1. Calculate the spin-label point distance for D:Asp276 paired with D:Arg92, positioning each point 7 Å from the Cα along the beta-carbon direction, and give it in nanometres.
2. With the cut-off at 1.5 for a/c, could you classify chain C from its C-alpha gyration tensor as rounded, prolate or oblate?
3. Please compute the average number of Cβ atoms from other chains found within 10 Å of each residue's Cβ in peptide C:16-28.
4. Projecting each Cα onto the charge dipole of the protein assembly as shown (Lys/Arg +1, Asp/Glu -1 at the beta carbon, about the Cα centre), which of B:Ile182, C:Val182, D:Gly389 comes out farthest on the positive side?
5. If packing is taken as the mean number of other Cβ atoms within 10 Å per residue, what is the order of A:16-29, D:353-366, highest first?
6. A 21 angstrom limit on the alpha carbon distance is what I want to check against. Which of A:Lys31/C:Lys145; D:Lys95/D:Lys147; D:Lys116/D:Lys149 exceed it?
7. For D:Cys376 and D:Trp144, what is the calculated FRET efficiency with R₀ set at 41 Å and r taken between the beta-carbons, to the nearest 0.05?
8. Rounded, prolate or oblate: which fits chain B when a ≥ b ≥ c are the square roots of the eigenvalues of the alpha-carbon gyration tensor, with rounded for a/c under 1.5 and prolate only if a/b beats b/c?
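What follows is calculated from the coordinates using simple rules that are stated; it is not laboratory data. What you see is a predicted model, and the numbers here were worked out from it, not measured in a lab. Here the Cβ is made from the backbone with ideal geometry for all residues, glycine too, and neighbour counts use every protein chain on show.
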Amino acid sequence: MFLKKQLPLLVAMFMGTMMIIQFFIPHPFSKNVYSTILDWLMIVTAFTLLIAVQSTVQMHITKIRRKVTDWQSSVIVLTALGITVFVGILGGAYAPTNILMKIFPNVQPGSDTPLMYLYIYFQTPMQATIFSLLAFYMASAAFRAFRARSFDATMLLITASIVTIGRVPIGQFFYANMPEVVEWILNYPSMAAQRGILIGVNLGMIATSLKIILGIERGYLGGGK
Amino acid sequence: MAISTSIWIWIAALLTLSIYSFLYKDNPFYKFSEKILVGISIGYTVSIYFHNTIIAKVWNPLVHDHNFLVIVPLILGLLMFSRLFKGKAYLSRIPIAFVVGTGCGMSIPSSFENLFKQVQGTMPQVFTIGNIIILIGVLSTLIYFFFSVEHKGIIGKVTRVGITFIMIGFGAAFGATIMARISLFIGRIQFLLGDWLGIIS
Amino acid sequence: MMKIINYLDHIDKRWIYLVLAIAVIFPFLFPIGCPMKITPPVSNMYNYINDSIPEGGVMLVSVDYDPSTMAELHPMGKALITHCFSKNIRVFLMGLYPPGVGLAQDMISNTLEEWNKSNPDNIKILGNDISLFAFVPGVSVVILKMGEDIRGTFNTDAYGNDLDSLPIMAGVNTYNDIDYMVDLAGSSVILSWIIYANGRYNQKMGIGTTAVSMAEYYAYLNSGQANGMLGGLKGAAEYEALLIKNNVSQDRNQASIGMDAQSSGHLTYIIFIIVGNIIYFIKRKKEK
Amino acid sequence: MKKMLITLFLFLITMSVVFAETDNTLIPVIADSSDLIIDEFNYCGIESIEVKDAPNDDGTALLIRWEKIKDVEEFDGTYSLYRINVETGKERRIKELITNETEYTDQGLYRNIAYKYYIVAVNNDFQISTVRVYTEEITTTPNWFKKDKIILLLMIIVYILMIVLLVHTVRKGKKLFLRRLAGIDALDEAVGRATEMGKPILYIPGISTMSDIATIASLNILGPVAKKVAEYESRIIVPNRDPIVMTVAKEIVKEAFTEAGKPDAYDDNDVFFLTDSQFGYAAAVNGIMVREKPATNLLLGMFYAESLLLAEMGNTIGAIQIAGTDAVTQLPFFITSCDYTLIGEELYAASAYLSNEPVLMGSIKAQDYMKAIIICFMILFLTVFLTNGIINLFTDADIGFFDGIMNVIRFVFNT
């Protein structure tokens, strides 16, 4: 029970309090502690991220095993994943590994790795394209959903139209000082609202962090309440 | 410029087109490329973490430099894998608590500083219209998000001002988003028409 | 009349998609070349890099975006590097996330090739004038650690060379030795840079961000936590325009070429919103 | 409770005023007056130079200050500042082209090594004067506390106390006041309308995981909504993107139906997992909207770029839509395409209001009090700022008193 509940909370509380206190002590001793902890964090973070991958893989394996609808696509995911990891671990991340250079003598220490080819010519174009689909979705939403249904929404849409037109060169054809108008909106009224929201969000973030350190908030440990 | 002869550019172009085919309707080409994307992006991350953390930060210090202090985070990290064993999964809470707790501790003073800087930035030195607008805007926005009083009387009027500022702020963000979405599409067009087909330079 | 409105109200989405696609592709085939005004956040950053970083100074560019927003942010990075090359400023690139490091590598090889082709009298070499730090996980932890010890944070560059062996690293140990840093990102990681690098270590910095997040970061420009900002493709285009104006690079680049398409795309959106709202109001009147 | 907060508040102000006057423990070294030879090449315009340990650091910096002789004919050259490492005797120029500056912080020094500094005039032909003005030897001292951050520390302590006290108060069963948001009324009305029409309600708890506060807030709202639906014996559909969120949502809806005394009306198939692909989820939910034609869509939680796809389809089928999220970039889309939108923190407040969950409620109230402190300071500042500005517009009077107040307020938020 202690290992399950108290210990994690104690660890979070101890580390959190220590890091807050550390902030106020400029002494070299505290700096050394801080530096070591940062090193440790980098390593532990890497493991926590690897485990996130594990849960995705697990999900796809279960899907294939249970032959749920569309299980074939899980096979594609796992195959692509397997090939990439194989190529990536054997061939190196950013610089080719010794093994790769032995197998393919024409690969020089400075050449791109196979992983980079997969990244630049497979992942990059696809990911960029998926997000560019949003240009289309938004166009249709502009036509069918963005309505001046209230005073607030009308204000929003008018500001949006001014900014949309004023931020591109064509705005100057409508009104020569359009870029200045947009810059003014962004610098004063819009900035003020953003800052007001930001102060609130910041207070919320700090409150959440404090609650975690105090052990009041436990959701991050998983398994709900 | 002419049409590309590189096989890699062709692959990238065909994958791009297969994703665009989704706009017409959902089809196997889109599904196939989407799944490949998921697989490759996870695989890419795993490979990078393997080389740059496991090898560079754990294996090398331990084996080559004999820095045994690394063992502490290594054990913490390995505890994460307790999730693979049903009865012992709770052990993975310790490294999570370590990461989250330390992260919270580091962020609190710095976030407060950031907050203070924002508040201080709202208190100007010079008496100008713009500065007054900022002060009133920030103040009324903050009051809008203040939940301990009813929005009635004078407070109600102030919050009206506040919501107007918020709408202008969102309007600006909305306009900017339109801009961003178009840019993403332009990037792909430049690739398809330029790098692949060679119609534009 | 009502027939047209009803038709438009129930129009197939795909026609809307097609209109937008044509509106954006058309200007590429028949460029107009709209003139462009430079906005202060961009010129502030340009002037700072141009005037306040000494020759041989150090600039850090963090590439923290992934391919999904690369259309907006990649041209910025290229423009910044070209500018630094022309001023003989040493450039360090880094990425807090794995995708960014891959894109940074792509950016380096592109800019090096282009620069060396057009400036044979001022050849730039990887490791002497530009470098890419190895990827290290931890995000804000990495930012903080760099304030204590840059060499100890990364150990090697992305290509596996020991940092101590690189000529470019001469005298570079912490943020104190970096004259300016620009974070290119479309996410809240910019905030981490502002809070930790600027807040804790007083690193002078600029922001390069997507148009989506642009409005949010004006608050940081106003408070002086950052001194310049490139917002979206337009920001990159303005920076490129400044480079051309000051004879750093000759021809129009990626972002500038896209500006015509950007203009016509925006116009299309505005027309959609206006027509959509007209339909909405007519229908609402009818219902009453 | 209130008294305590006021006391803390006053304490804070007192502390900030006390620490406003930082102490200066200097080691002054005044240059020997015989050094002050002034002629064409051997110029020295420096009256004194002193070095002290830089405050609030880890012992790697020194602060050097100098003062120029007043009433001396203008010297149009500059000054250079040198550092001598006393152990090795090595000299290094650390700052040149000094004109109007009067201090410099020398950073990156070694601890336990003595240093010494001198400043020297340089004329426009870069000839260096023979007259040097030295400081005494000094070694750096690391400090144990950042005195300049005291207000920050106090603020953190105040905030911690507020959260602990308020959460405790709610746990003891005391009801704290939170204004009833217009969004909650809208929510009631929308649920009522759907039952009137005999159509289902679609509840989308966002597409994020349980680690997002917005998701938790959304699930807190799901309870009361589901209860109301159960009372009217209507139907609620909850499609999910995250398996864990789905499990929790199932539990909540089931419990709500039981509480309303209609456990049989609960259909386990109405709370389900769709897919984990972002746009795939959006497409599937749009499919549900077309098939089921819900009268009311509730989009509460964390949303990303798919938000506009969902809101657009809801619009097309003519459903009443109520949205709420803390994703600032998605809010504009919701505001223009939904009938009512809970903006950012309003979502948390609504969730705390409906659930009266101690941790949530306490933290909302603590944030509110902290906000109140900032608002008070800002109102005070605005008043003084306006008065001062208007007086300055009409008269030449320079009122130092107002400037003083403004500086104190700025100082409180100084970092």
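1. The modelled label-to-label distance comes out at 5.3 nm.
2. Working: a/c = 2.42, a/b = 1.91, b/c = 1.27.
Prolate, since a/c reaches 1.5 and a/b exceeds b/c.
3. Working: counts 8, 9, 2, 2, 10, 7, 0, 2, 7, 7, 0, 2, 7.
So the per-residue partner count for this stretch is 5.
4. In the protein assembly as shown, that residue is B:Ile182.
5. Numbers: A:16-29: 18.5, D:353-366: 21.6.
Averaged packing, sorted descending, gives the order D:353-366, A:16-29.
6. Values: A:Lys31/C:Lys145 11 Å; D:Lys95/D:Lys147 28 Å; D:Lys116/D:Lys149 29 Å.
Cα-Cα > 21 Å for D:Lys95/D:Lys147; D:Lys116/D:Lys149; rest within.
7. On the way: r = 33 Å, r/R0 = 0.81.
About 0.80, to the nearest 0.05.
8. Working: a/c = 2.24, a/b = 1.18, b/c = 1.89.
It is oblate, given that a/c is not under 1.5 and a/b is not larger than b/c.
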